[in-house]
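The values are calculated or read from the model by the stated rules, or taken from the named source; none is laboratory data. A quick note: this is a predicted structure, and the numbers were derived from the prediction, not measured. Virtual Cβ from ideal backbone geometry, glycine too; neighbours counted across all protein chains shown. Please note that ligands, DNA and RNA were not included when accessible areas were found on the heavy atoms of the full protein model with its side chains. Shrake-Rupley method; radii C 1.70, N 1.55, O 1.52, S 1.80 Å.
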Amino acid sequence: MNFDFSLITTELATVILGLTTFVLGLVLPSNSRKGLGNFALLGLIIVLGIAIASWSNQGEMLGGMYLVDQYSIFFKILFLVAAILVIFGSLRYVNDQVGNHFEYYSTVIFATLGMIVMASAGDFITLYLGLELMTISFVVLVAFRTFDGKSLEAGMKYILLAGMSSAVILYGLSLVYGATGTIIISEVAQRVSEGSPLLTVGLVMLVAGLGFKVSAVPFHMWSPDVYEGAPTPVTSFLAVGSKAASFAVLVRLFVGGLPGIHEQWAMLIAVLAAVSMVVGNLVAIPQTNIKRLLAYSSIAQAGYILVGLVTATEAGIKGVMFYAFLYVFATVGAFTVVAAVYNKIQSDEIADYAGLVQRAPLAATVMLVCLLSMAGIPPLAGFVGKFYLFKTVVEGYMWLVYLGLIMSMVSVYYYLRVVLVMFRDEPADHTPLEMGSSVNITLLIALVATLFLGIYPGPLAEVANIAAQSFFP
Amino acid sequence: MSEWIGVALFIVVGFAFGAGGILASFLIHPRSQNRYKLETYECGLPTEGPTWVQFKTQYFTYALLFVIFDVEVIYLYPWAVSFEELGLAGLIKMFIFIFILVLGLWYAWKEGALEWR
Amino acid sequence: MNFPILTVTLLAPILAALIIVFIPKEEEKLCKWIAAIGTGIALALSFYVYFGYDQSVGGLQWVDFGGPVPWIPDLGVTYYMAVDGLSLPMLLLTNLIGFTAVFASWNVSHRGKELMILLLLLIAGVMGTFIAQDLFIFLLFYEVVVIPIYIMVIIWGSSKRVTKEYAGMKLTIYLLIGSAFLLVGVIALFVRSVAITGVPDMSFEGLAQVAFPEEFQIYMFGLMLIGFGSLLSMWPLHSWSPDGYAGAPTAVSMIHAGVLKKIGGYGLIRLAIFVLPLGAKFWAPYIAVLGVAGVAYAAMGALAQKDLKYVVGYSSVSHMGYVLLGVASLGVIGVNGAVANMFAHGVMAALFFSMIGFIYERTHTRWIPDMGGLSHQAPKLSVGFMMAGMASLGLPGLISFVPEFTIFLDSFRVFGWLAVIAIAGIIVTALYVLRAGANTLFGPAKPEFSHIKDLRGPELVPLVVLGGVLVIGGVLPSLLFDMVDSGIAPILAHINEALQIGGR
Amino acid sequence: MGTGLNPSYFIGLSGALFAIGLYGALSKRNAIAVLISIELMLSAVNINLVAFNKYLTPDAFIGQIFAIFVITVAAAEVGLGLAIVIALYRRRETTTLDEIDWLKW
Amino acid sequence: MENLFVNIAGGIRSLLESAGLTVIATDFLMMFLKLGAVIVYILVSALWLVYMERKVSAYMQCRIGPNRVGPLGLLQTTADIGKLISKEFIIPKNADKKLFILAPVLIFMPPLAVFAVAPFGQGMVAIDMNIGVYYFLALASLSTVIIWMAGWSSNNKYSLLGGMRVVAQMVSYEMPLILSIVGVIILTGTLNMSEIINSQENVWFIFLQPLAFLIYMIAAVAETNRTPFDLVEGESEIIAGPFTEYSGMGFAMFFLAEYANVVLVSVMATTLFLGGWLAPFGLTFIPSWIWFLAKVYLMIFIFMWFRWTYPRIRVDQLMEFGWKVLVPLSIINIFVTGVGKFLYQSMGW
């Protein structure tokens, strides 16, 4: 068992950062802990630098249990970017609404670590550990506002349903192990055989369990509640990170491990994608709470991303990765606005966003841009992302293309309702909302990134392409 | 014969012993017809109010701490058994593991989870 | 040509918008002036490009950066800005209307800064569709215009017969659902082209070279027809148009009726017909029928309206019917006429809407029976209104006479009796335009309108510019027609070639 | 050991256990009962893992190791679940899911 | 003498085999015999321990203790047992009846099962399991659940409170108990009881692991709910805790189980720290099982000594002592042991 530690520098750095933050929080007196958020932020930026620098550093450890390839590095960068944006955009919110707790930051870092491990998982144990590290950290974060019954309740629901889905995934994994006799994903791919009933049942379990994690319909019940109850930055990280990590695992498991029975799961995934798009978008329409609206919208987004998985081709995976990355900016942007606004007016109701454009023009604009990016309106990033996703299913699943595009236009309807309130209505109170510079910078980053990726997606597409080739050497 | 069948035997007999004892006592013990006999004894006075009342949640907190630590111990024993083969690397890894455990304890301490409140 | 003049034209309004963002909102007049300067520069540049285009050479000219710049390599997307005889009139039209729209909203005092920003973005978006020679970039601009329009409608629109929220949402959803079909078509087109040639290429020229199978072409053309047709307010998909215009503020009505709709016609010619000639051949009769149905239905509809904006709204649906008819003829003369008619209708509709906007600002009503005798107080306004009306019914000497005439000429050749119905539509048009004009402008002066002032200052700009174009275009039709012809001829040549190969 | 046993018995047992757990998790309205049901599901997983290990890879302890990890993580999960139950109980004095309705389901 | 019991077992086995029984049946019967021996040992022990406890406490309080029934009061406990058995086992009408009966039925099971691995002497282990220590730890904590069952099912506030206290106390002291044993395991590298004893040939682990022994002792007292950690049944606070409602045979069962547990933790202490059956100072002429029992009863005597010397501590002190003192200390012990052993190995001392 020889460890090549240079391969996992990113992971080690994240661990050390998380523990350091934790220990510092324990050691420092409570009045000097204010800078801990900044410390975590700085650390994550350094880790991000390490991750980017390790782009061409590839290999596998422990006999394939831990894979470091460009696919995983791509996702690592994604998670780190998301974590940085979330922390940066919510420094003030956390201070005002969550309290001056050092655990918050270290838990965010550990959740990130869990995602990183998930993306790199080469076998079922690593996968499960990463998944649970992330889930448990998220439960803590969701229930972080212990003085707020809603937050606790959300945490409660999240852990019950996440625990259940983990159990379902595990059962699926155990059956796959039973059918193939190995838990190394790449070996599974070689030993998969058609017609094994164990494998079929395991497959269904895996689809159901991971469907839970990515909140695809009909396994989505938890997400609106949890999204609404959780502290908003956590919601944003949950929507971005946990979903992207689950997709990373989904791709790794299905495309990397079970390509042999592609026909069996392609239709399952296609149906899941279709139902998610339809239900997510339609149920979002009557929502009056912005976080619930975004929750349903993110269900629909999960549906879009699933489309890229249906064909299990390089182009499809590339689409998934591209979309996941741009989704980071759109979602973090939108949720940062929600958090900042909540911090000022103590409300998440859409009606209270009246006239936001006059009180906080930047926030309203970013909200607009992010929502439209999710809807796939050019020249925003979402459009290009959908183009990449849907172009893979034109041959063979044309109905999915119709459904997806029409549904994304339907989604414009409810996004525009938010826009309507923000832009048309006169605010009850004309005082400008001072968001603070960190929020503004985060919003600007989200705005610029969404526009940039929409107008000039070439470089990211190329990177995603290289990463997707990890599966097709 | 596997030693586990022996273990099963012990367990079964342990159950049978208890069951037999109680059963025997039911067969031989006297039965008085006192009206108050079947009342809850408690402390000798008539009981008041519901019994399954709220109790301190602190009890649960200890249970929680226990569950977490107890399960982590699973890893300590195998390590202790194969201490010699694992050598320095094993030692360091396990100390990192224990360090994280200690962090947890430290945190619980600091948060006041160990106080009887 | 190393100076990227088209890009600069495109960026002028965007830059102006960016500058306005940083101006405090109290400085409303300054915002408007900057918007005027931005659109003015764009207008001047497009005039320069228009008259600098070498018609004898034809084809794509003024290519920015000397050719396609690779943009998204794996999708074959290139930054390819160039103009030909089809794009140029549209570009000019966009900037004409954009420039005048700024002045038409000169009197808007409610959140003027934001209006100007959105207006400028809208103009830039529309312009982009016309100069992009790459399908993907075209699509980017195609959909980008919808959202500013929505916001403008819900903020500055008016709720008369329908609420502005309803109008805005209806307009947006119609266009977006239409574009969803278009998008499906485009994605399928791209995937199939890669499958056939093996090289991703999104430029119109590149796609046109791909030999798609006939059934596929017919299928795709159907999707494109839904997409572009709903933007063009083709008959069964038109219902957003009158409601939308009625709810929209003046500037939006002008731009929407004037140029945005034309993207539909432009896309139909540039993408659908150019790339999918066999599909076009198959669908042409149906398009013609739908066009004529639109003419007849909308003309009747306009006749029944009492709201000025609805009248013009239905009238524009009816005019688009002519355009469709011209396009469906698939002959050089007919398509020329269709493009020229788009230009003509754009100018005229913009003038119409701007005049209605001014009337509404003064009388606070658009209800025809409530008005009358406005010409006494506002002669210049009346002149503008009547010019637009006359152009609408195709009065010789004004810009729309020749295009309509050529459309009938060619469509009669192809469709015979169908064209006759369309010609009959002209008569109805005359009826409702004249009635509206008479009831609004003439007759005895009404006392409640005695305080009304005539157009003055910046308000005159739309009248002068658009009216001028109406007249010049009418007197010197060759200015427009030669240009259009130089663009359409090669396209139709390509189609005929394809049809011959396609075997008949 | 167990010469007459074959894997299908274990799969049957674990399947039954898993089904019971799933049913409990979906139908019980008490948070702690749901947690217990989830534990049941995880036990089913462990039975599977250990049984498969015995029959498929008797030389390597893949399944056993996996099972130990599952047990550990499950404990952490339950610990966290109970912690939230306690916190919620302190606020609301209930552990019944039906009464936890500040968020609509 | 040394191999008295081993020889008896061997004799019976060869007798059975010669009677024509198969190997499996022989094993089975042998196991039954061992089981019977263990049960008998426990019962006798319990009898004798109750007597011993009374005597010890009496002498510590300068009294005589039982001296009427039989010579020196030796039959006092027997009489008590007879009394308990002949009393009615009352089931209160408000109790949760199934659980109420099940608790005393089950309570004897865990200690008995653990005795299966107790090494009473050289070769005198019923089941010489390779994970004996683990087995002990796993089964011993089951008692918690059963006592909690009793507390819950009684439908009595004091029982419930007592049950809560049992759970809290037992889980709290299980941590230091488990962690203190890790040090021994590091030194021996095995979980087998006999091997652990054999590896103490040179030096008993009480000398190598004094801290662990101390922690083990304290935790063991707490695990068996004896004074000064007998909050569970603190008469002056909560009557008899979880056992309040039990009478007759039910109560006898709990009583029996408690003494079985006391013997058990002493057995473990002897095995882990006191060298098990090994004879000190080369006194090997005394048989190993006598040494073992002697050490066990020495341990039990120390427990009794504790009981009658220290007052009962408060519940908050109890908990905080466990978590804030014992657990950190036992972790430190693991650390020191690990480093020490590693240094010892690598330096070749």
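Numbers below:
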read-out: Listed residue pairs exceeding 27 Å between alpha carbons, taken from C:LYS170/C:LYS306; B:LYS110/D:LYS28; C:LYS164/C:LYS306; A:LYS157/A:LYS243; A:LYS150/A:LYS344; value: B:LYS110/D:LYS28
read-out: The range C:280-324: chymotrypsin sites (Phe, Trp or Tyr not before Pro) in DSSP coil with no more than 16 other Cβ atoms inside 10 Å; value: none
read-out: Computed Rg/Rh of the range A:112-271, alpha carbon atoms with Kirkwood Rh; value: 1.00
read-out: Over chain A, relative contact order from alpha-carbon pairs under 8 Å, at least 6 apart, %; value: 16
read-out: At 1.567 mPa s and 4 °C, Stokes diffusion of the range A:107-161 via Kirkwood alpha-carbon radius, µm² per second; value: 113
read-out: Lys, Arg +1 and Asp, Glu -1 on Cβ, resulting dipole of the protein assembly as shown about Cα centre, debye, nearest 20; value: 2760
read-out: Partner chain coverage, peptide B:23-32 - average Cβ within 10 angstrom; value: 5
read-out: Under Karplus coefficients 6.51, -1.76 and 1.60, residue-wise ³J(HN,Hα) of the range A:306-315 in Hz, glycine/proline x; value: 4, 4, x, 8, 4, 8, 6, 9, 4, 4
read-out: Of the DSSP H helices in chain E, those whose Cα atoms cover at least 18 Å axially and whose Kyte score averages -0.5 or more; value: E:4-18, E:23-60, E:157-188, E:210-223, E:248-273, E:288-309, E:327-347
read-out: Interface burial for A against D (accessible surface, 1.4 Å probe, total of both chains, Å², rounded to 100); value: 3800
read-out: Helical segments meeting 27 Å axial Cα length and Kyte-Doolittle 1.0 threshold in chain C (DSSP H); value: C:28-52, C:112-131, C:164-197, C:277-304, C:332-363, C:417-441
read-out: Length-normalised contact order for the range C:1-58 - Cα pairs under 8 Å, 6+ apart - percent; value: 43
read-out: Charge context of C:ALA82, other residues only, Cβ under 15 angstrom, K/R +1, D/E -1; value: -4
read-out: For the protein assembly as shown: rounded, prolate or oblate by the Cα gyration tensor [a/c cutoff 1.5]; value: prolate
read-out: E:VAL44/E:VAL145 FRET efficiency (R0 22 Å; Cβ-Cβ; nearest 0.05); value: 0.20
read-out: Residues in the range C:1-27 that a label on A:TYR456 would reach, taking backbone N under 17 Å of a point 7 Å out along Cα→Cβ; value: C:4, C:7-8, C:11, C:15
read-out: Label-point separation, B:ILE11 to C:VAL8 (7 Å along Cα→Cβ), nm; value: 8.9
read-out: Shape call, chain A: gyration tensor on alpha carbons, a/c limit 1.5; value: oblate
read-out: Full-stretch length increase - C:ALA445, C:LEU460 - with 0.36 nm per residue and alpha-carbon distance subtracted; value: 3.1 nm
read-out: Spherically averaged projected area of chain C from its Cα convex hull (nm²); value: 21.3
read-out: Sum of side-chain charges, E:ILE181 neighbourhood, beta-carbon under 14 Å (Lys, Arg +1; Asp, Glu -1); value: -3
read-out: Sorted peptide list for E:269-275, C:494-500, A:408-414, criterion being average Cβ within 10 angstrom, highest first; value: E:269-275, A:408-414, C:494-500
read-out: CD proxy at 222 nm, helix term only [per DSSP H run n ≥ 4: -39500 (n - 2.57); per residue of the protein assembly as shown; nearest 500]; value: -23500 deg cm²/dmol
read-out: Average other protein chain Cβ within 10 Å of Cβ, residues C:168-180; value: 4
read-out: Shape call, chain E: gyration tensor on alpha carbons, a/c limit 1.5; value: oblate
read-out: The range C:32-179 - Kirkwood radius from inverse mean 1/r over Cα pairs (Å); value: 16.8
read-out: Trypsin sites (Lys or Arg not before Pro) within the range C:278-329: DSSP coil, no more than 14 neighbouring Cβ in 10 Å; value: C:LYS306
read-out: Estimated distance in nm for a label pair at E:ILE302 and D:PHE61, the labels positioned 7 Å out from Cα along Cα-to-Cβ; value: 3.2
read-out: Modelled FRET efficiency - R0 22 Å, C:HIS110 with C:LYS306, Cβ distances, 0.05 increments; value: 0.25
read-out: Where labels lie 7 Å past Cα in the beta-carbon direction, separation of E:ILE332 and A:VAL204 in nm; value: 5.8
read-out: Long-range HN-HN contacts of C:TYR79 with modeled amide H, under 5 Å; value: C:VAL69, C:TRP71
read-out: Rg to Rh quotient for the range E:81-204, alpha carbon positions, Kirkwood Rh; value: 1.10
read-out: Other protein chain Cβ atoms within 10 Å, averaged over every residue that makes up A:376-383; value: 5
read-out: Reachable aspartates and glutamates from C:LYS25, criterion Cα separation under 19 angstrom, eight or more residues apart if same chain; value: A:ASP425, A:GLU426, A:ASP429, A:GLU434, C:GLU114
read-out: Amide H contacts of A:TYR66 (H built 1.01 Å from N, under 5 Å, at least 5 apart or other chain); value: A:MET61, A:GLY122
read-out: Theoretical FRET efficiency, 1/(1+(r/R0)^6), r = Cβ-Cβ of C:TRP417 and C:ASN496, R0 22 Å, to 0.05; value: 0.30
read-out: Rounded D (µm²/s) - the range C:200-356, Kirkwood Rh over Cα pairs, Stokes-Einstein at 4 °C, 1.567 mPa s; value: 83
read-out: Label zone at C:ASP54 (point 7 Å along Cα-to-Cβ), backbone N below 18 Å, the range C:1-30; value: C:1-6
